[in-house]
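Peer 1: Got a structure here, written out as structure tokens. Questions coming.
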Amino acid sequence: GCPGVLAVLGLEAAAPGECELTRLLQDKLQYEMRLQYMKHYFPIDYTVRVQYEEVLRPSNITRLRNGTVSEAALRYLWFHVSSQAVLRIHEVLPEKHPSWKYIQELCQLFDALGEEYSKYRQ
């Protein structure tokens, strides 16, 4: 495997395609970029409503890791929750918004990662 964005969860990517895509996502999701595009460019008090189940908390990851959940399943869980969050933002963001291109690029990377998962995931 190789370290990537999934290092946040203490995981490593398994397949070469997954590895490259997570590296690209890691570059896009660096703190400075998230701060610029997801905080500074958003109006004060701007919110996107999410369900409780759509939030991935570190304590939940630890509980799952200590249980019987495989590393591959945890990687897929991270992908699913993260891609759905980005998709939710993309749905409400106007095309002229300064963060639209950034969110669009994230959506494309998550789409590509989803295709990678579909190759070897049942």
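Peer 1: Tell me, what is the percent relative contact order of region 41-122, built from C-alpha pairs under 8 Å that lie six or more residues apart? Mind dumping the intermediate values first?
Peer 2: Values: 31 pairs, mean separation 23.3, N = 82.
Averaging sequence separation for qualifying contacts and normalising by length gives 28 percent for region 41-122.
Peer 1: Sort 36-42, 108-114, 49-55 by packing, meaning the average of other beta carbons within 10 Å per residue, with the highest value first. Can you show the working numbers first?
Peer 2: On the way: 36-42: 14.3, 108-114: 17.1, 49-55: 8.6.
The packing order, highest mean first, is 108-114, 36-42, 49-55.
Peer 1: Just to verify a number: FRET efficiency for Tyr46 and Ala112, C-beta to C-beta distance, R0 = 30 Å, to 0.05?
Peer 2: Calculated value: 0.60.
Peer 1: Using only the Cα atoms of region 25-65, build the gyration tensor, take square roots of its eigenvalues as a ≥ b ≥ c, and label the shape rounded, prolate or oblate: rounded if a/c is under 1.5, else prolate if a/b is larger than b/c, else oblate.
Peer 2: Values: a/c = 3.36, a/b = 1.43, b/c = 2.35.
It is oblate, given that a/c is not under 1.5 and a/b is not larger than b/c.
Peer 1: By accessible area of protein heavy atoms, probe 1.4 Å, what ranking do Glu20, Glu32 get, highest first? The partial results should precede the final answer.
Peer 2: Numbers: Glu20 80, Glu32 120 Å².
Descending order: Glu32, Glu20.
Peer 1: Separate question: Please find the FRET efficiency linking Thr62 to Lys96, where r is the Cβ-Cβ separation and R0 is fixed at 35 Å, and quote it to the nearest 0.05.
Peer 2: On the way: r = 41 Å, r/R0 = 1.17.
The value I calculate is 0.30.
Peer 1: Straight-line reach only, C-alpha to C-alpha below 18 angstrom: list the lysines that Lys96 could link to, leaving out same-chain residues fewer than 8 apart.
Peer 2: By straight Cα distance, Lys96 reaches Lys39.
Peer 1: Follow-up question, since we're still on this one. Which whole-number value in Å² is the accessible area per residue of region 51-122, probe 1.4 Å?
Peer 2: Values: 4710 Å² over 72 residues.
Result: 65 Å² of accessible area for each residue.
The values are calculated or read from the model by the stated rules, or taken from the named source; none is laboratory data. Everything numeric in this text was worked out from a predicted model, so none of it was measured. Positions of Cβ are backbone-derived with ideal geometry, glycine not excepted, and every protein chain shown enters the neighbour counts. Ligands, DNA and RNA are stripped out before the accessible areas are found, and what is left, the full protein with its side chains, is counted by its heavy atoms. Shrake-Rupley method; radii C 1.70, N 1.55, O 1.52, S 1.80 Å.
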